[in-house]
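Taking it in order: structure first as structure tokens, then the write-up.
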Amino acid sequence: MSVESNDSVFLSKIEFKLNIHFFIQVLDAIPDLVFIKDRQHRFIFINKSLEQFLGFCRNEMVGRTDDHFFPKNQVKIFKEVDERVFQERKVTINEEEITDSKGKISILETKKNVFETINGELILVGVIKDITVLRHTQLTLEESNKKLFKKAYIDALTGLPNRRYLGSCMTLALEKAKQNNCSFAVLFIDLDRFKIANDTFGHDVGDELLIQVSQRIKRAIRKNDSVIRMGGDEFVVLVNDSSEKSVIRISKSIENELMRDFVIQGHVINIEASIGIAIYPQNGRSIDALLKIADSNMYINKKRHR
């Protein structure tokens with residue numbers, strides 16, 4: 001081999017080492033967490049950010065698999081995802097939980113892809129973002145929103161949707177009925193003799209009576225129907241996608257449930273319900289029209305009970 005040829009090989013080796021050194025310097029400088037694995041799922045590189053994040057040094061991890069560093073349940077997920085990426089050879093983004101050297105669990109968004117080296121070997125490159133704070137913030141916001149929703153739209157006593165929620169329920173029912181060319185009904189319910197029971201036995205008994213009334217109404221309707229407490233002793237039931245016969249049958253079922261005696265704190269209480277019905281579209285095509293007709297029919301029935 002000539003001197004020039006030897007020099008060329010020597011220079012190529014120096015250039016390769018310089019490129020690798022430059023490559024490592026670049027990856028060590030970025031804040032994202034980066035790792036590279038070979039086809040046997042062994043680490044062949046982790047950058048400084050990942051070292052600091054996990055608490056394991058590069059020399060400790062290189063040449064080893066996840067089994068040496070993470071809990072079994074996490075290792076199983078890592079291997080399944082990594083193997084899928086190797087097989088499909090396309091970018092995969094997923095969320096993973098990881099436990100560091102001190103036992104702290106973090107939530108990570110990991111972007112993985114497979115590349116082929118000059119030698120034809122497959123390597124998996126992963127770029128990780130720590131989204132733990134983001135996910136915890138989102139969960140806190142979701143919990144806050146649930147509490148606010150409950151406070152605004154759920155009746156504190158019975159756990160039923162309240163008057164504020166009625167508009168949304170009826171809007172949804174109306175849109176569904178129009179789209180599917182079907183009917184739905186509004187049942188306006190007012191309890192007869194509730195005030196007498198409340199005044200006679202006290203507010204605690206009255207509150208328990210309302211709770212039991214709401215439970216009985218729920219038993220009398222179908223799963224896809226809704227019951228709303230309007231306030232006081234008034235309730236509204238939305239009967240979705242139902243014929244007139246079905247609506248009348250459900251109304252009778254509610255009446256029968258509420259006619260049975262209630263036993264609360266040793267007191268036997270007997271009440272009844274006056275129910276007014278309005279059916280879309282024959283009795284009205286708007287929310288206001290249906291509520292007015294149901295309310296009016298309820299008062300007509302109430303007069304009959306006197």
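For region 78-106, filtering for residues that are out of contact with any Leu (no Cβ under 7 Å at 6 or more places or on another chain), crowded, with 16+ Cβ neighbours inside 10 Å and of a type outside the set (S, T, N, Q) leaves 2.
Applying a threshold of 7 Å to beta carbon distances and a minimum spacing of six or more residues, or different chains, the list of pairs starting in region 231-246 at a residue that is at positive phi and ending at one that is in a loop (DSSP other than H, G, I, E, B) reads Asp241/Cys182.
Would you check if Lys48 is within 30 Å of Glu109 (Cα to Cα), out of contact with any strand residue (DSSP E or B) (no Cβ under 8 Å at 6 or more places or on another chain), among the charged types (D, E, K, R) and at pLDDT 90 or above? Here the answer is yes, as Lys48 does meet what is asked. Screening Val114 against (1) in a strand (DSSP E or B); (2) of a type outside the set (Lys, Arg); (3) at pLDDT below 90 leaves a single unmet condition, (3). Pairing residues of region 46-60 that are hydroxyl-bearing (Ser, Thr, Tyr) with residues that are surrounded by 18 or more Cβ atoms within 10 Å (Cβ to Cβ) and at pLDDT 90 or above, at Cβ distances under 6 Å and at least 6 apart in sequence or on separate chains, gives Ser49/Leu33.
Residues that are assigned to a helix (DSSP H, G or I) and over 24 Å from Asp288 (Cα atoms) within region 166-202 comprise Phe194, Lys195, Ile196, Ala197, Asn198, Asp199, Thr200, Phe201, listed in sequence order.
The values are calculated or read from the model by the stated rules, or taken from the named source; none is laboratory data. Predicted, not measured: the structure shown is a model, and the values here were computed from it. So basically every Cβ, Gly included, is an ideal-geometry build from the backbone, and we count neighbours across all protein chains shown.
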